[in-house]
1. Take the residues of the stretch 248-288 that are of a type in the set (Asp, Glu) and within 19 Å of LEU201 (Cβ to Cβ): which is modelled with the lowest pLDDT?
2. Residues being in contact with a Lys or Arg (Cβ under 6 Å, 6 or more places away or on another chain), of a type outside the set (S, T, N, Q) and within 16 Å of ligand 2 (Cβ to nearest atom): count how many of those fall in the stretch 108-160.
3. Taking the stretch 216-232, which residues are at positive phi and either exposed (fewer than 13 other Cβ atoms within 10 Å of the Cβ) or among the hydroxyl-bearing types (Ser, Thr, Tyr) (or both)?
4. So which of PHE70, PHE78 is surrounded by 19 or more Cβ atoms within 10 Å (Cβ to Cβ), closer than 14 Å to THR144 by Cβ, more than 11 Å from ligand 2 (Cβ to nearest atom) and of a type in the set (A, V, I, L, M, F, W, C)?
5. Any chance the stretch 107-116 includes a residue that's surrounded by 19 or more Cβ atoms within 10 Å (Cβ to Cβ), part of a helix (DSSP H, G or I) and either among the small types (Gly, Ala, Ser) or modelled with pLDDT of 95 or more (or both)?
6. Could you please give the count of residues in the stretch 247-263 that are surrounded by 14 or more Cβ atoms within 10 Å (Cβ to Cβ) and outside any loop (DSSP other than H, G, I, E, B)?
7. The conditions are (1) in a helix (DSSP H, G or I); (2) within 30 Å of ARG123 (Cα to Cα); (3) more than 16 Å from ligand 2 (Cβ to nearest atom), and HIS183 fails exactly one of them. Which is it?
8. Could you list, in sequence order, all residues of the stretch 126-148 that are away from ligand 1 (no atom under 16 Å from the Cβ), assigned to a loop (DSSP other than H, G, I, E, B) and buried (at least 20 other Cβ atoms within 10 Å of the Cβ)?
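The values are calculated or read from the model by the stated rules, or taken from the named source; none is laboratory data. Predicted model, so just to flag it, every value in this text is computed and none were measured. Every residue, glycine as well, gets a Cβ built from its backbone with ideal geometry; the counts of neighbours run over all protein chains shown.
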Amino acid sequence: MKLSATLDDLYQRHLSCTVRSDWGYHNLLPWERGKNFKTLPWASDQGNLTPELTLAVETALLTEINLPWFTAGLKQMFDTGPSALKAFVRTWTAEEDQHARLLDVYLTLSRNGNPDRRAKLRRKVLTDGYEVGGDTGLAVMVYTTLQELATRVFYQNLATAVENLDPALTLILRTVAKDETLHFAFYRDAVRAYLDHDPALLGTVASIIPQFRMPGSEMPDFPSRMRTIADTGCYDVENYLSDVMDPILRAWNVWERDAPDGVDDVRKALFTHRDRLQRVATHRSKTP
Ligand SMILES: [Fe+2]
Ligand SMILES: [Fe+2]
């Protein structure tokens, strides 16, 4: 099957899955918890989450809020590409559009975190902007496959962490995680189609993976945010390795694929990168 026909099929598959999982943020938010900030100003003891879990939800929000920059980058990269990719970016944008709003309004209604501080952070993150990683359509898709799966894993783990504290937030996070799962599946299978079409592209795939950073890594205090999130057990280097990178490497058959001339060195560098991450994860698991 031609590459463009495979991508068309993947887009149609995505559309049929999203029809089944369609949702509106108005149905998920705990409106009954909302109070007027003019008559009841915010105070730090009003929220029900720990400061660490609040920071984790806020970090998710500040990542999702970069959507205009993600869309701008993807649109630019796919502008000369197959029509299915151009159509997918539009559909994907409409789906992602609910994520930041849902998390932001949840934090506001539940009074978790200072809303004035959060408004300043939102503005700063959007003003700073975000550059989509990769300089070709395929490179961007490799990057985005990792991003979608990383956010899915993070949201699922965060949902489990708040399960006994906040059923509304649990449902919100699991709903968004389902969207991320479908986005991940599209990009994963699109990249695999490119690899099957042209085995030399394994070099691009293998060279992009070590450059991966969590989306939103430009936000203020990102390293300390990630340390706090790691301490909550919601996401760390071990999750990245075993729940994100390794499943993707398996799905793309990166280690076993026949490597054309020149690609094997890039694959060896990827192996070294993976090995280094494994050592960091092992060291972390042994550190009390
Ligand atoms: Fe999202
Ligand atoms: Fe997504």
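1. Our first condition is that a residue be of a type in the set (Asp, Glu); within the stretch 248-288, this holds for 256, 258, 261, 264-265, 275.
Of the ones still in play, those that are also within 19 Å of LEU201 (Cβ to Cβ) are 256, 258, 261, 264-265.
Working: GLU256: 93, ASP258: 88, ASP261: 83, ASP264: 90, ASP265: 91.
Here the answer is ASP261.
2. Going through the stretch 108-160, the residues in contact with a Lys or Arg (Cβ under 6 Å, 6 or more places away or on another chain) turn out to be 109-110, 145, 159.
Add one more test, that the residue is of a type outside the set (S, T, N, Q), and what stays is 109, 159.
If we keep only those that are within 16 Å of ligand 2 (Cβ to nearest atom) as well, we get 159.
Number satisfying all stated conditions: 1.
3. Quick first cut of the stretch 216-232, residues at positive phi only: 216, 221.
Result: ASP221, single match.
4. On the way: PHE70 fails: more than 11 Å from ligand 2 (Cβ to nearest atom).
Unique residue meeting the criteria: PHE78.
5. Within the stretch 107-116, the subset surrounded by 19 or more Cβ atoms within 10 Å (Cβ to Cβ) is 107, 110-113.
Okay, now just the ones that are also part of a helix (DSSP H, G or I), so 107, 110.
Now drop any that are not either among the small types (Gly, Ala, Ser) or modelled with pLDDT of 95 or more (or both), which leaves 107, 110.
Checking the stretch 107-116: at least one residue is surrounded by 19 or more Cβ atoms within 10 Å (Cβ to Cβ), part of a helix (DSSP H, G or I) and either among the small types (Gly, Ala, Ser) or modelled with pLDDT of 95 or more (or both).
6. Here is the first cut: in the stretch 247-263, the ones surrounded by 14 or more Cβ atoms within 10 Å (Cβ to Cβ) are 247-249, 251-252, 254, 257, 259, 263.
Checking the rest, the ones that are also outside any loop (DSSP other than H, G, I, E, B) come to 247-249, 251, 263.
Total meeting the criteria: 5.
7. For HIS183, the failing item is (3).
8. GLY134 - this is the single residue of the stretch 126-148 that is away from ligand 1 (no atom under 16 Å from the Cβ), assigned to a loop (DSSP other than H, G, I, E, B) and buried (at least 20 other Cβ atoms within 10 Å of the Cβ).
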